4 protein chains.
Amino acid sequence: MSLDLSAVIADITATMASMEDRGQVATYIPELATIDPAQFGIAIATADGRMLTGGDADTGFSIQSVSKVFALTLALGKVGDQLWDRVGREPSGNAFNSITQLEHEQGIPRNPFINAGAIVVADVNLGGHEPRVAIGEMLRFVRYLAGDDSIAINEAVAASETATGFRNMALANYMRAFDNVRHPAELVLGSYIHQCAIEMSCRQLALAGRYLMLDGRHPGGGRVISPRRARRINALMLTCGHYDASGDFAFRVGIPGKSGVGGGILAIVPGRAAIAVWSPGLNASGNSCLGTLALEELARRTGWSVFSPPEDRG
Amino acid sequence: MSLDLSAVIADITATMASMEDRGQVATYIPELATIDPAQFGIAIATADGRMLTGGDADTGFSIQSVSKVFALTLALGKVGDQLWDRVGREPSGNAFNSITQLEHEQGIPRNPFINAGAIVVADVNLGGHEPRVAIGEMLRFVRYLAGDDSIAINEAVAASETATGFRNMALANYMRAFDNVRHPAELVLGSYIHQCAIEMSCRQLALAGRYLMLDGRHPGGGRVISPRRARRINALMLTCGHYDASGDFAFRVGIPGKSGVGGGILAIVPGRAAIAVWSPGLNASGNSCLGTLALEELARRTGWSVFSPPEDRG
Amino acid sequence: MSLDLSAVIADITATMASMEDRGQVATYIPELATIDPAQFGIAIATADGRMLTGGDADTGFSIQSVSKVFALTLALGKVGDQLWDRVGREPSGNAFNSITQLEHEQGIPRNPFINAGAIVVADVNLGGHEPRVAIGEMLRFVRYLAGDDSIAINEAVAASETATGFRNMALANYMRAFDNVRHPAELVLGSYIHQCAIEMSCRQLALAGRYLMLDGRHPGGGRVISPRRARRINALMLTCGHYDASGDFAFRVGIPGKSGVGGGILAIVPGRAAIAVWSPGLNASGNSCLGTLALEELARRTGWSVFSPPEDRG
Amino acid sequence: MSLDLSAVIADITATMASMEDRGQVATYIPELATIDPAQFGIAIATADGRMLTGGDADTGFSIQSVSKVFALTLALGKVGDQLWDRVGREPSGNAFNSITQLEHEQGIPRNPFINAGAIVVADVNLGGHEPRVAIGEMLRFVRYLAGDDSIAINEAVAASETATGFRNMALANYMRAFDNVRHPAELVLGSYIHQCAIEMSCRQLALAGRYLMLDGRHPGGGRVISPRRARRINALMLTCGHYDASGDFAFRVGIPGKSGVGGGILAIVPGRAAIAVWSPGLNASGNSCLGTLALEELARRTGWSVFSPPEDRG
């Protein structure tokens, strides 16, 4: 491979350091509002086993909605394709926390990556247990994916979100009226909020995402999910991973990705790389401002688009 | 390549011949309502220059909305990225002929593959000329892409649609109120309807789509569009190519595709193949019932998903 | 007055007894689902102090949303026209429990008679106290209006609704996200649900509504509210009192009215009569089927429309 | 009657002359954009046959949507209650020219006073004839109601609207797709636009509205429509006469009224008065700014609310 990925990462990190418009840090979760926006990290785990990093790649951040990818993987392992009776697979065309679509579609969320859909997934993962059991399982799963037992939940973030999560409480109760949430809303949200409060660095997140570039295989051996499911999760990330800017991300970047309001994005180049970027400032659609730019530049420099001939890719 | 694509095509063609549920032929264009639903064709143009076909691959059909791909390519050549000031790039979450989104978003259609967006594209392509000039240009462009000068417009279909296209007339007038359609609605729709009434066989359609698997190059030499634009058109096909079932198509099939109510679908495997399938019966979302199934089976048999490692593909 | 109101009531009561289609009893509040639909009552309190009744006029029923009229009156007494900063005055065009309008309008409900609006009113009436204080105040107010201290809350109905009120919990939390509900959702709904569970007979309800026919005066002396507010409450009942069938009720019956899913309707003929009807079976819009028919017939027989010359009224 | 209506009118006219905020003159019809906003007129035709005027009561203006009242009356005379199969009777909750509701409700407009509904009424009144026949009939009808053969159509306004009526063209074509408009859109709109371009003074408009205060009787003898229909038209004016500010008008003014973007409002006090006010500046909802204020003040001074006891009215 003639592509010098280290140089590309260094260039991008330098470019991002010089950017003035870094977006706005999310304020609706008070604990996140205090994060310094002048941070940027990137980590790339390649299919041939390398790890390349730039910037604040070892600083932990709240993965927030990126956790929806791991939660979905877990839920598919539990209930299989029956999950799709309770959650759709279509882009929503609305903001991440919209409730109107639920009313038109009888409590069935459009996809598992908007809040409503992720709450249904959390309800599935709860499976009759107490929240701490489900939270423990999720944490063990993410540690296993990343091969790193130091990953933990930031309890201050979880507490912060609990206090202000009125919209999520509305979504959960609304779906409970349609019997599409089956545990008490407080329990489901307790579990959901802790899942979102998992803290990871770019390095850890890229490592955790490797199974999605490897058609479902764990790099350490064994299989996390079937190839078909890995491809489908990648498809969902591409069509639904950036809320109502998913189409634009696919258009500009061209690889599956899932963003979170903590400023992290996990992006997958099948067969090539699992990428994590992080910068806390968000754009108008709620996706990391510099993170999106960095991925667009990375895709441009490497040719890593799922929409180009593989031969043209780095 | 160990994959025996001929055998795969033969199998799929045989399977489709045995299917009982073939969906419903579109009835809102009277001329299309008379088509025999017991037809199925498939044609694959590979990157290494082969052409493989099955079933009714040489029967002409109305390409309808598949033409939106070619019209978009043409419009990008005329006005470049300025086009995106007038059309969005997001999945719509609504039916192909919905008007409500236009009201919320001030006359800017969500993407160029829903009717409203394609009408804006047709307005761009009209460019101050009479409809017959724009229609002639479009026809020459498609013939050039396919390398086949016998491609023609079915005037009976065009006339049939003119008489009943009240919803499209509503969309065009509505956007004209926002100055996002700039020619008289009758002229824009005259051009749009003729573009939709282009008749092609699967063989011709697969040939015409080759530039999208070749990163924008014409297989006969030269460049139709830049690699970046080719990738972006593929991205739009994946996120928006099947109306409000686009997410499901990406999930199940995993390759960019654009469907039309004539029952045709053009699908692109970057670097590998341009595929055309056709069967007139439509499913509830207005996409070819057997065409979708055939592509899903083809993707499964060949591993042709943009979401899998390229090494795993046939 | 040559109109023999007793005879009219007797006729209507007889007609209603013979009706076969009585609609469906509300099932979403389990305790209400058990009510015998073969009941009908009517009571008319006239401006000259008479009380005329027919059918099951002394049977108690759950007033449910009719309570929104009394709660609004109370809240206007507390905070005056500042209430209108938090609740609109327009018909909603949506079902009584719709949440979509709230999203478009930043947590401000369209009017105080849809659930979302009534929850804001309950939040105002809570006023920093515990729910039992607000509930006690409401009960005392209704007893004072009706001049009947035997009016009470049906605790079984309240408990029944508490267990299933997921949509109301969603509405309350959703508005709390916009700071338009200011107490914890459980407390607001605890108060709201008890207010809805007040049990009254037609006789009691007609008596309680007299102040609205008397331009705000209590028939026993003194003033409940100003004439201007009484007229405005009547206006809101006319434009918004029957959810998304309010226009039809105004069209067919022509007098202000407020319905509840318990099957009761309070209707006001300014200067003439306060009318209560009750029959538990609901029509498709959630309003009492026989109650609506009875009021339409009563208006026809008496000429009691606010849209006719007063001289033409009985 | 101790009320000195002349003095009230003089006071209101003087107050209005001193108002600084007069709203914005409608600009989307170019011919209307040139009107001097510093004009105000009022005319009251009383049930006892008097005519009282103030300000520019004899200046002609474009009645625009006020014509929907007369068109509805005419259509009910032609097809009776079958009209209600094609038009609803509910407030729309949307702007006057909204198209989204039509999509949700299969081409059936919410009520006859939003543009979509008025276009259906115009389609009914066209009745297979050429627009000039329907326009002639409408003009004769309005002249008969007002007892004034000098009323005419302002052809410059009609021509002005024809050129820019893209939204109405969208509405008409959209409903034609549902077969709820049955003549070609150009013909229906040709008729509709001429009806809107009728020019009347306040004096003429108040005279034309007398049948609605007289329970359907023509003051010169005979019956324009049945009492039931007159009441129902008044009900529709109250619930739907001011677009998405209808609830607010009912709340603040308390009498049925219908506004037009020319700045005119016709208001009806059953049994008492037919009132016309005019001032060209519009508020945010598209209703006459001073006209609304004048009616609110008039209602306050006279007690003319349909929601008060008749005895309390002047």
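State whether the residues of the range A:108-126 include one that is farther than 29 Å from A:Pro219 by Cβ, in contact with a Leu (Cβ under 7 Å, 6 or more places away or on another chain), touching a residue at least 60 places away in the same chain (Cβ under 8 Å) and within 14 Å of chain B (Cβ to nearest Cβ). Yes: one or more hits.
Residues that are farther than 21 Å from B:Ser65 by Cα and small (Gly, Ala, Ser) within the range B:253-312 comprise B:Gly271, B:Ala299, B:Gly303, B:Ser305, B:Ser308, listed in sequence order.
Conditions (1) at pLDDT 95 or above; (2) part of a loop (DSSP other than H, G, I, E, B); (3) open to solvent by 10 Å² or more (accessible area, probe 1.4 Å); (4) β-branched (Val, Ile, Thr), marked per residue:
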{"position": "D:Leu3", "(1), (2), (3), (4)": "no, yes, yes, no"}
{"position": "D:Ile9", "(1), (2), (3), (4)": "yes, no, no, yes"}
{"position": "D:Met19", "(1), (2), (3), (4)": "no, yes, yes, no"}
{"position": "D:Arg22", "(1), (2), (3), (4)": "no, yes, yes, no"}
{"position": "D:Glu31", "(1), (2), (3), (4)": "no, no, yes, no"}
{"position": "D:Ala38", "(1), (2), (3), (4)": "no, yes, yes, no"}
{"position": "D:Ile42", "(1), (2), (3), (4)": "yes, no, no, yes"}
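Candidates are the residues of the range B:145-193 that are within 9 Å of another protein chain (Cβ to nearest Cβ) and in a loop (DSSP other than H, G, I, E, B); the one that is surrounded by the most Cβ atoms within 10 Å (Cβ to Cβ) is B:Val181. Here is a check on your reading of the model: is D:Arg217 in contact with a strand residue (DSSP E or B) (Cβ under 7 Å, 6 or more places away or on another chain) and free of Cβ contacts under 8 Å to residues at least 12 places away in the same chain? Spelling it out, D:Arg217 is indeed in contact with a strand residue (DSSP E or B) (Cβ under 7 Å, 6 or more places away or on another chain) and free of Cβ contacts under 8 Å to residues at least 12 places away in the same chain. Remark: pairs (first residue in the range D:178-191, in the same structural domain as D:Asn115 (by TED's automatic domain parsing); second residue open to solvent by 70 Å² or more (accessible area, probe 1.4 Å); Cβ separation under 7 Å; 6+ apart in sequence or on different chains) = D:Phe178/D:Gln106. Residues in the range B:101-118 that are buried (at least 17 other Cβ atoms within 10 Å of the Cβ) and in a helix (DSSP H, G or I): B:Gln101, B:Leu102, B:Glu103, B:Asn115, B:Ala116, B:Gly117, B:Ala118. Just checking, does the range B:195-202 include any residue being open to solvent by 30 Å² or more (accessible area, probe 1.4 Å) and not aliphatic (A, V, I, L, M)? The answer is yes; a qualifying residue exists. Within the range C:82-107, the set of residues being of a type in the set (Val, Ile, Thr) and modelled with pLDDT of 95 or more comprises just one member, C:Val87.
Sub-9 Å Cβ pairs linking a first residue in the range D:6-28 that is polar (S, T, N, Q) to a second residue that is exposed (fewer than 14 other Cβ atoms within 10 Å of the Cβ), at least 6 apart or interchain, are D:Gln24/D:Ala284; D:Thr27/D:Ala33, ordered by first then second residue. Among the residues examined, B:Gly247 does not qualify as in contact (Cβ under 8 Å) with a residue 60 or more places away in the chain and under 11 Å from the mean Cα position of the chain (by Cα). Residues that are in contact (Cβ under 8 Å) with a residue 12 or more places away in the chain, in a helix (DSSP H, G or I) and not small (Gly, Ala, Ser) occur in the range D:50-64; there is at least one.
Residues in the range B:294-314 that are more than 8 Å from chain A (Cβ to nearest Cβ) and among the aliphatic types (A, V, I, L, M): B:Ala294, B:Leu295, B:Leu298, B:Ala299. Taking the numbered list (1) in contact (Cβ under 8 Å) with a residue 60 or more places away in the chain; (2) touching a Gly at 6+ places or on another chain (Cβ under 9 Å); (3) away from chain A (no Cβ under 14 Å) in turn, B:Ala47 passes all entries but (3).
Can you tell me which residue is farthest from the chain's Cα centre (by Cα) among those in the range A:119-139 that are open to solvent by 20 Å² or more (accessible area, probe 1.4 Å) and acidic (Asp, Glu)? Restricting to residues being open to solvent by 20 Å² or more (accessible area, probe 1.4 Å) and acidic (Asp, Glu), the top hit is A:Glu130.
When the range D:65-100 is examined, which residues are found to be assigned to a loop (DSSP other than H, G, I, E, B), within 13 Å of another protein chain (Cβ to nearest Cβ) and in contact (Cβ under 8 Å) with a residue 24 or more places away in the chain? D:Val87, D:Gly88, D:Arg89, D:Glu90, D:Pro91, D:Ser92, D:Gly93, D:Asn94, D:Ala95, D:Phe96, D:Asn97, D:Ile99 - these are the residues of the range D:65-100 that are assigned to a loop (DSSP other than H, G, I, E, B), within 13 Å of another protein chain (Cβ to nearest Cβ) and in contact (Cβ under 8 Å) with a residue 24 or more places away in the chain.
From the list A:Val79, A:Val69, A:Val120, the one residue that fits, being touching a Pro at 6+ places or on another chain (Cβ under 7 Å) and modelled with pLDDT of 95 or more, is A:Val120.
The values are calculated or read from the model by the stated rules, or taken from the named source; none is laboratory data. Just so you know, these numbers come straight off a predicted model, no measurement behind them. All Cβ positions, glycine included, derive from the backbone under ideal geometry; neighbour counts span all protein chains shown. For the accessible areas, the whole protein counts, side chains as well, though only heavy atoms, and no ligand, DNA or RNA atoms are used. Shrake-Rupley method; radii C 1.70, N 1.55, O 1.52, S 1.80 Å.
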